[in-house]
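The values are calculated or read from the model by the stated rules, or taken from the named source; none is laboratory data. The structure presented is a predicted model; accordingly, all values stated were derived computationally and were not measured. Neighbour counts are summed over all protein chains in view; Cβ atoms, including those assigned to glycine, are modelled from backbone coordinates with ideal geometry.
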Amino acid sequence: MYLQNKLENKISLFNKIKKLDGILLVCIVLIGVISLATMYSTDGGRILFHTKSHFLKFVIFTSLMLVISFLNIRFWFSIGYLSYLIILAMLIWTIHFGITASGSQRWIDLYFINIQPSELMKICIILCLAKFFHRKRLENVNSLYSVIISLVVIFLPMSLVIIQPDLGTSLLISISGILVLWFAGLNHKYFFYSFLISVISLPFIISFLKPYQKLRVLTFLNPDRDPLGAGYQIIQSKIAVGSGGIFGKGFLKGTQSYLEFLPEKHTDFIFTLFSEEFGFFGSVFLLIIYSIMIYRIIKIGVISRSYFAKLFCYSFGTSMFVYIIINMSMVLGLLPIVGSPLPIMSYGGSSMLATMLGLGIVMSAKIHSDQSIA
Amino acid sequence: MINQSDNVVKLNSINRRMFILAIAKITILGGIVSRLFFLQIKENKKYLTLSDKNRIREWKLPPVRGDFQDYFGNIIAGNFEAYQLHLIPEQVDNFKYTINRIKNILELSNKEFQKILKRKNEIKPWETLIVADNLNWENFSKINNNLYDLNGVKPIISISRNYPYKGNYTHILGYVSQANENDILSSEIIKEKFVQGLKVGKTGLEKSFEHNLIGTNSIERYEVNAYGRRVSQLAFQEGDKGKTVKLTVDTKIQKLANELLIDQAGSICVMDIFTGHIIAMHSSPSFDPNAFVFGISQDEWQLIRNNPMKPLINKSISGNYSPGSTIKPIVALSALENGIVNPNFTVHCRGHKHPLELYGQTYHCWKKEGHGYVNMKEAMKQSCDSYFYEVARRLGVDKLSETAKKFGLGKKVFNDLFGNEKNGLVPNTEWKKNVIGRNWLLGETIITGIGQGYIQTTPIQLCLMTAQIANGGHKIYPKLVIDDNLSFENDKFISLVNSKKHIKFIQEAMFSSTNEIRGTSYKSRIDDPKYQFAGKTGTAQVKRITDRDRELDLKTSEIPYEERDHALYVAFGPYKNPRYALSILIEHGGSGGSNAAPLAKKLFKEIVDRHEIRKNFETKKYLNI
């Protein structure tokens, strides 16, 4: 039986390519193309820095994703804890030696690239917790020991990111972690109670927020209280989306972005620009591609034999969904503004790297779906 | 295998939870789509408007101001093309070099140069800096010749206010100048049309007719970016020129009035006694309103402001003067109307040695030797004060004030047309009680009878009074502006007197004063019946005459300027068929007979000559319609 396993483990490269998930790949490339076109528009219809850089990153990281997907899923299982610890160390490094930009210390200089460890943590926390729960029996999942361990695993990176300060990413990290707990079968009542506690403690949390964060919450509740100041972003963003209409203003014709009314149009607000130029249909089209992508990720989870792969795919797929929804809700004025990029679309190397890393692992799970992990 | 069954349980659990979340995801996705639907389809119009509001900005340009025309359609306040120099700092490669080049070409003083630099710092780099607002042709062409060296400098021809007759109409029209904060706050229409460089009326009719004159802004529509920088011009919408305001005045006569009063302080008013049209209204000294259009220099302003002859005051309507003897026709008329005396009533004027004495006060006639026995006609003709002391004493101030008010004294002639018109003052016993808080004294009635004391009139009121005497005692409604919409509808025909005989008598008395020997203005008469006029002189004291003064009996030129009497004259003509009335006032001009009346002679010649032209113009106008 062991031998048989061993034999199965060896899949030829040709077979691996054949087993690549085509639909998922098409979705990724499609989103990549859309994001490049949008980036081209943010550069005012010229190929400037952002477009070039985004193109380069997309090509490099997509290739990286393919390489990752050919690695056995067992490899990812084996480095689950290690990768978490490395990124955690990087986060600690960031606090002391990180690069500061626009008021927060998020990046570390790796000489050839500046990297944002907090983005990578979104993936590694899933890897780590998936490995942790892979071997847990269901009845042990709710034991005090495992609950405490998993909470520590979540809280450590979360607090390290919060002090950068980067509330948005730390929220996304903890959501990723909590999602793993949910899929691992943690008792419903924990979620229910912690939800209750967080609602009750919300006012206290708000009192601990930094002034600019408080301002964001207040602005979200009423953007018109300071239309040229704190409310500017959200008002302009809504104007851009709203004025797009059914079919949009047309490629390269988004006046809001072209005339520089849109803030942060390369990164968090990129959907706004896209939506202004391509309208309701364009936005729904993009949403459909994202939905297919997430559907494929979860589908891969369903067909995976190993519990680890399942847990990873479900958690990662759902996290992706959450990232997309939070970003869109933010630009559509449904949520306060927290820094959260739109996967693949937004400009930013670390975010792209993290997304591609996750997708690579999902691809690997697809290729090695028959593999079981002891 | 325990492991196996546990795995199955775990897989069931994870799949069940995935299913729950999948449903949640679909719901949330639906939420996002419906939000998109709401923003992009349902509220699309609203956000589209907001987006246009964001990107489209309108630039208003100053509107072209409407003209003022005189009766014959001559433009008395129009527009001219001012040569200006504009510069957009952002478009200039080397601002320092360029501005110094301009300084050398235009030979600007350091003070002016600093002013430009200061203005430059106040505006955004893409806004227009007006370097010079009114260049002469020579400098303008010099700039144009050097344009190759002045990158980003724009020579512009801009429309600005122009008063072709300079000081002639200053007090009627007022002047325009840069709109300031007060103008914007006090007028909605200025607020609405305000742009940098907008000029608005500051005084006179320019101010009163701001609404008609201002016109509508031309609008340039630009696409701008988030920082307000113009990206491209989208549209240009031409504004309308302001409406033309037609006046009743005759420039020829107005000009003459200007010439007659040159170097003197005073006023001339000429009025049509039937239509109430103001033919001329001038206050002297005047000043050139063109100086205010681009902002007057401090030195020039101080010169005007500190001039002792007070050029800033429109003496015709805001100068309160004692009417002096010009009130006598009203005193006589009031006495006749009230049946106090008849024209044959006689008083013995015995000169300075035997003045009228009342409660220890003495009241002198102006004539040292006295007039002897005078009846009413003779008293008017020679302006005998003693006679009118007695008439006023018998008449009483209340009856007198009633008649005076009826004839337009003590009340604004133009209602609210001018902001600075004065009421004048026609006192009576009730007024004194209410305002001063003392009882009326008989002595005050007596001096009111010769137009001294509390009584105050403006020259235009005296002109109106004379006009209403001349037209046989009918109320008229003075007009300065021809309004085609409401010509004479509001003018009710009201007779101001009970008996035509009385008014006829007053007219005859005024005739004799000018045209009979010993009349006070006999020297200024015109014998030709075509021009012959009737009038009444007046000499208003500005200070009380003491016994010492009376003894000295100085000539006018020997008295200090501020203490000299005001010279007045009111008249109407031609006597046979009256049509025009006038009032002349010369501040500190000495006696009315020798200084004011001669001007009337010159005026009536011109007025009567112009009458034919005016009449023909009117009939032609109606024929054209």
So, of the residues in region A:263-277 that are part of a loop (DSSP other than H, G, I, E, B) and in contact (Cβ under 8 Å) with a residue 40 or more places away in the chain, which turns out to be nearest to the other protein chains (Cβ to nearest Cβ)? A:Lys265
Hey, can you tell me all the residues within region B:590-625 that are farther than 30 Å from B:Gly73 by Cα and under 25 Å from the mean Cα position of the chain (by Cα)? B:Ala596
Sort out for me the helices (runs of 4 or more DSSP H) sitting completely within region A:11-103 that have 2 or more residues that are buried (at least 18 other Cβ atoms within 10 Å of the Cβ). A:22-42, A:49-70, A:73-78, A:80-97
Out of (1) within 24 Å of the chain's Cα centre (by Cα); (2) crowded, with 17+ Cβ neighbours inside 10 Å, what's the single condition that is false for B:Ile446? (1)
Looking only at residues in region A:329-341 that are crowded, with 23+ Cβ neighbours inside 10 Å and within 14 Å of chain B (Cβ to nearest Cβ), which one is farthest from A:Ser83 (Cα to Cα)? A:Leu332
Failed condition for A:Ser194, given (1) within 26 Å of the chain's Cα centre (by Cα); (2) surrounded by fewer than 22 Cβ atoms within 10 Å (Cβ to Cβ); (3) more than 9 Å from every other protein chain (Cβ to nearest Cβ); (4) at pLDDT 90 or above: (4)
Matching residues in region A:239-262 - criterion: being within 16 Å of A:Leu332 (Cα to Cα) and within 9 Å of another protein chain (Cβ to nearest Cβ): A:Ile239, A:Ala240, A:Val241, A:Gly242, A:Ser243, A:Gly244, A:Gly245, A:Ile246, A:Gly248, A:Gln256, A:Phe261, A:Leu262
Give the residues of region A:135-171 that are within 21 Å of A:Ser319 (Cα to Cα) and small (Gly, Ala, Ser), sorted by residue number. A:Ser150, A:Ser159, A:Gly168, A:Ser170
Just to be sure before I move on: is A:Gly279 touching a Lys or Arg at 6+ places or on another chain (Cβ under 8 Å) and surrounded by fewer than 24 Cβ atoms within 10 Å (Cβ to Cβ) in the structure I sent? no
Within region A:230-267, tally of residues that are among the aliphatic types (A, V, I, L, M) and within 25 Å of A:Val33 (Cβ to Cβ): 5
A:Ser350 vs (1) buried (at least 24 other Cβ atoms within 10 Å of the Cβ); (2) touching an Asp or Glu at 6+ places or on another chain (Cβ under 7 Å): all pass except (1)
Every residue in region B:296-315 that is polar (S, T, N, Q) and either in contact with an Asp or Glu (Cβ under 9 Å, 6 or more places away or on another chain) or outside any helix (DSSP H, G or I) (or both), please. B:Ser297, B:Asn306, B:Asn307, B:Asn314
Just to check your reading of the model, which residue among B:Lys536, B:Lys543, B:Lys523 is touching a strand residue (DSSP E or B) at 6+ places or on another chain (Cβ under 6 Å) and either among the basic types (Lys, Arg) or not assigned by TED's automatic domain parsing to the domain that holds B:Gly266 (or both)? B:Lys536
Picking from A:Ile326, A:Ile344, which residue would you name as being within 11 Å of another protein chain (Cβ to nearest Cβ) and either part of a helix (DSSP H, G or I) or farther than 23 Å from A:Leu186 by Cα (or both)? A:Ile326
Total residues in region A:111-153, condition outside any helix (DSSP H, G or I), more than 14 Å from chain B (Cβ to nearest Cβ) and closer than 26 Å to A:Leu171 by Cβ: 4
For A:Leu167, which of the numbered conditions (1) modelled with pLDDT of 85 or more; (2) more than 14 Å from chain B (Cβ to nearest Cβ); (3) surrounded by 13 or more Cβ atoms within 10 Å (Cβ to Cβ) fails to hold? (1)
Can you list the helices (runs of 4 or more DSSP H) found entirely within region B:1-106 that contain at least 1 residues being basic (Lys, Arg) and within 14 Å of chain A (Cβ to nearest Cβ)? B:2-37, B:44-55
What is the one condition in (1) surrounded by fewer than 23 Cβ atoms within 10 Å (Cβ to Cβ); (2) of a type in the set (S, T, N, Q); (3) in contact with a Leu (Cβ under 8 Å, 6 or more places away or on another chain) that A:Thr272 does not satisfy? (1)
Can you find even one residue in region A:219-226 that is more than 30 Å from A:Ala365 (Cα to Cα), outside any helix (DSSP H, G or I) and out of contact with any strand residue (DSSP E or B) (no Cβ under 9 Å at 6 or more places or on another chain)? yes
Among the residues of region B:123-157, count how many are within 35 Å of the chain's Cα centre (by Cα), outside any strand (DSSP E or B) and modelled with pLDDT of 80 or more. 5
Within region A:285-318, residues facing chain B (nearest Cβ under 8 Å) and in contact with a helix residue (DSSP H, G or I) (Cβ under 6 Å, 6 or more places away or on another chain) come out as A:Ile294, A:Ile298, A:Gly301, A:Tyr307, A:Lys310, A:Leu311, A:Tyr314, A:Thr318
Pick out the one residue from A:Ile115, A:Ile154, A:Ile123 that is within 20 Å of the chain's Cα centre (by Cα), buried (at least 23 other Cβ atoms within 10 Å of the Cβ) and β-branched (Val, Ile, Thr). A:Ile123
What is the residue count in region B:209-260 for residues that are at pLDDT 90 or above, hydroxyl-bearing (Ser, Thr, Tyr) and out of contact with any helix residue (DSSP H, G or I) (no Cβ under 9 Å at 6 or more places or on another chain)? 1
B:Ala404, sole failed condition from (1) free of Cβ contacts under 8 Å to residues at least 40 places away in the same chain; (2) under 13 Å from B:Ile327 (Cα atoms): (1)
Checked pairs for region A:38-63, first farther than 17 Å from A:Cys27 by Cα, second of a type in the set (D, E, K, R), C-beta under 7 Å and 6 or more apart or across chains, list as A:Ser41/A:Glu277; A:Thr42/A:Lys265; A:His50/A:Asp43; A:Thr51/A:Asp43
Looking only at strands (runs of 3 or more DSSP E) that lie completely in region B:332-373, which have at least 3 residues being farther than 11 Å from B:Cys384 by Cβ? B:356-358, B:361-363
Quick one: count up the residues across region A:44-94 that are in contact with a Ser or Thr (Cβ under 7 Å, 6 or more places away or on another chain) and over 28 Å from A:Ile367 (Cβ atoms). 2
